[in-house]
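Visitor: Encoded as structure tokens, here's the structure I'll be asking about.
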Amino acid sequence: MVADVTEFKIPATQEKVYLEPIMDLYNNEILTYAITAGSPNLKFALQPLNSLITSIPNQPYKQFLHTDQGWQYRHQSWQKKLRKAKLTPSMSRRATCLDNACMESFFDKLKVELDDLSNYRSAEELITAVRNWITYYNTCRIQMKLGGTSPIKYRLRAA
């Protein structure tokens, strides 16, 4: 699994929106995410991790969660929750964005397909659009590396 944070800035209002998804690298499915207007804080950063921990079963094999070296991922609370859930942390080396390329690719697709941010009049409007797009991405948007299926269809077909 991999996690990261991205920022959107709405030109008309100068509002900022932050998104932190956690992606399953098996099928590129967004397992959980947090989205907020304003500025990110620790509570925001921990939301997707808390959701992930309650939704995934305790597996007999080692599970990794890869991140960059952002403050939220180095924070004692994040690290403690990972250890308690028996998730192994993995962090990028400094200035090595290739370690997180799959999440950066997801952010690029999202930002391109949401279109011009000047079309959004408020943070709430953008948040709704992001939520709808993530649902579309997981359930309908096909990926050639998944045999022309969406992430959820790929997972269900494999099961």
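The values are calculated or read from the model by the stated rules, or taken from the named source; none is laboratory data. Since we're looking at a predicted model, the values are computed, not measured. Using ideal geometry, Cβ is built from the backbone for each residue, glycine included, and neighbour counts are taken over all protein chains shown.
Visitor: Given the conditions (1) touching a residue at least 24 places away in the same chain (Cβ under 8 Å); (2) not in a strand (DSSP E or B), and given that residue 125 satisfies all but one, which numbered condition is not satisfied?
Guide: That leaves (1) as the condition not met.
Visitor: Quick one: residue 112 ticks every box in (1) modelled with pLDDT under 95; (2) at negative phi except a single one, so which number is it?
Guide: Here residue 112 meets the rest and fails (1).
Visitor: Here's another thing I want to ask about it. What residue, among those in the range 48-78 that are touching a Ser or Thr at 6+ places or on another chain (Cβ under 8 Å) and more than 23 Å from residue 99 (Cα to Cα), is modelled with the highest pLDDT?
Guide: Applying the filter and picking the extreme gives 51.
Visitor: Still on this model: Looking at (1) more than 26 Å from residue 15 (Cα to Cα); (2) touching a residue at least 40 places away in the same chain (Cβ under 8 Å); (3) β-branched (Val, Ile, Thr), find the lone condition where residue 142 falls short.
Guide: (2)
Visitor: Can you confirm whether residue 129 is surrounded by 14 or more Cβ atoms within 10 Å (Cβ to Cβ), modelled with pLDDT of 95 or more and in contact with an Asp or Glu (Cβ under 6 Å, 6 or more places away or on another chain)?
Guide: no
Visitor: How many residues are exposed (fewer than 12 other Cβ atoms within 10 Å of the Cβ) and not charged (D, E, K, R) if we restrict to the range 141-159?
Guide: The qualifying residues number 6.
Visitor: If you don't mind, another one. Exactly one of these conditions fails for residue 116: (1) charged (D, E, K, R); (2) surrounded by fewer than 12 Cβ atoms within 10 Å (Cβ to Cβ); (3) over 22 Å from residue 129 (Cα atoms). Give me its number.
Guide: Unmet condition: (3).
Visitor: I've got another one for you. Check whether at least one residue in the range 101-112 is over 18 Å from the mean Cα position of the chain (by Cα) and in contact (Cβ under 8 Å) with a residue 40 or more places away in the chain, and report yes or no.
Guide: No; the residues of the range 101-112 include none that is over 18 Å from the mean Cα position of the chain (by Cα) and in contact (Cβ under 8 Å) with a residue 40 or more places away in the chain.
Visitor: For a quick check of your reading of the model, give me the residue pairs whose first member lies in the range 7-28 and is closer than 23 Å to residue 50 by Cβ, whose second is hydrophobic (A, V, I, L, M, F, W, C) and exposed (fewer than 12 other Cβ atoms within 10 Å of the Cβ), with beta-carbon atoms closer than 8 Å and at least 6 apart or on different chains.
Guide: Taking only residues 6 or more apart or on different chains, the pairs are 27/158.
Visitor: If you don't mind, there's one more thing I want to ask. So residue 131 passes all but one of these: (1) over 19 Å from residue 46 (Cβ atoms); (2) part of a loop (DSSP other than H, G, I, E, B). Which condition number does it fail?
Guide: Status for residue 131: all satisfied but (2).
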